[in-house]
Amino acid sequence: MLKKLNPNFAILLSTVLWGTWWLPLRLMNEYADNNAIPLFLSFMIAGLFLLIFSLQNIYLFTKKNIILTVVAAAFGAAAMCFYNEGLLRGNVARILIFFYLTAVWSTIIEIVFLRTPITIYRFLSISAGFTGLFIITGFDQGNFLPQSTADLFGIIAGLMWSVCATLIRINKDLDVNFGTSIFILIGGLFVVLATYLPDGQVLSGYNSEIFSKTLLIVLIFAFIWLLPGYWLVTYGQDQVDPGRAGILLMFEVVIGIVSAYLLANEVITIREFLGALFVMSAPLIEIYLGNKSAESIS
């Protein structure tokens, strides 16, 4: 039944989960006293659960398929690692906006590595994205780079995810269940690696009290956010044009900003709002203006 799900709708559904991802993530971190093991367990439980069902088709997988899946999963896991760290450390709205420079990074990747011709609309799209970035970082005050670790992590997460999304599209034989399970399992490994980042979560001190306090949120995060969130976005991005997928995924920004305001009293500033308009206009410029230009020429 899920295989018949409209891929555009699948991406839209995923934005609800990704836009509220910060809430169970922060709750788990609070109940765990900044210990990373509960988050690691969520990834392992969700990943192994889906892997059991996906392995029944492993005889159909080619070597190329498996390699592309693992490489894409590594970039996707790294992206989510930095995304999680950004959400734990910083403002939800800023992290989401910085993350959604993915459209700009994807365009650059296509131009540099896939030899896609650069057009005036692609140039304007890239310019709009970086303009939004510089507005938020404060270019008028001489700041062109992010001033906090959380903001930097948001940008790195977006770059990593754009590579992941490109590899998903290249992998024509992607098995969604297998790909999603590998994404999540490698994501669990990156949860552990993230503990080596400065001021990150820790591995020491995990005990029965933390286990009992976090067990319910671990299971909820695994089966309501992690598993459906990864599966829906993997399924959708495998079938939807990257530009359109980028636009649909931007509903996550709206959901994230609204949910953070209502549940965490995080208010978006005028500077962040203006920057977000530029960042979110980047894929629109290339897709809609570019397509209209092509239609008029033809």
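Kirkwood hydrodynamic radius of region 87-168, from the reciprocal of the average inverse Cα-Cα distance over all distinct pairs: 13.3 Å.
Shape analysis of region 55-103 places it in the prolate category; the axes a ≥ b ≥ c from the Cα gyration tensor give an a/c of at least 1.5, with a/b above b/c. Projected onto its three principal axes, the C-alpha set of the chain covers 65, 53, 31 Å, listed from the longest axis down.
Three semi-axes describe the equivalent ellipsoid of region 131-215; taken as square roots of 5 times the Cα gyration tensor eigenvalues and ordered largest first, they are 30, 26, 9 Å.
Amide H to amide H distances under 5 Å link residue 202 with 35, 36, where only residues 5 or more positions off or on other chains count and H is placed in the peptide plane.
Just so you know, the Cα atoms of region 1-93 work out to an Rg and Dmax of 16.0, 45 Å. Computed from the Kirkwood radius of its Cα pairs, the Stokes-Einstein diffusion coefficient for region 13-159 at 10 °C and 1.306 mPa s stands at 90 µm²/s.
Looking at region 219-281, the pairs of alpha carbons with a distance over 20 Å make up 44% of the total.
When 4, 64 are sorted by how many other C-beta atoms sit within 10 angstrom of their C-beta, beginning with the fewest, the order is 4, 64. When Rg and the Kirkwood radius Rh are both evaluated on Cα atoms of region 166-213, their ratio Rg/Rh stands at 1.19. Evaluated at q = 0.11, 0.14, 0.20, 0.21 Å⁻¹, a Debye calculation over the C-alpha positions of region 81-235 (equal weights, vacuum) places log10 I(q)/I(0) at -0.56, -0.87, -1.38, -1.42. Here the label points at residue 208 and residue 59, each 7 Å from Cα along the C-beta direction, are separated by 4.7 nm in the simple model.
FYI, it's all coordinate maths here, none of it is from the lab. All values derive from a computational prediction rather than experimental measurement. Every residue, glycine as well, gets a Cβ built from its backbone with ideal geometry; the counts of neighbours run over all protein chains shown.
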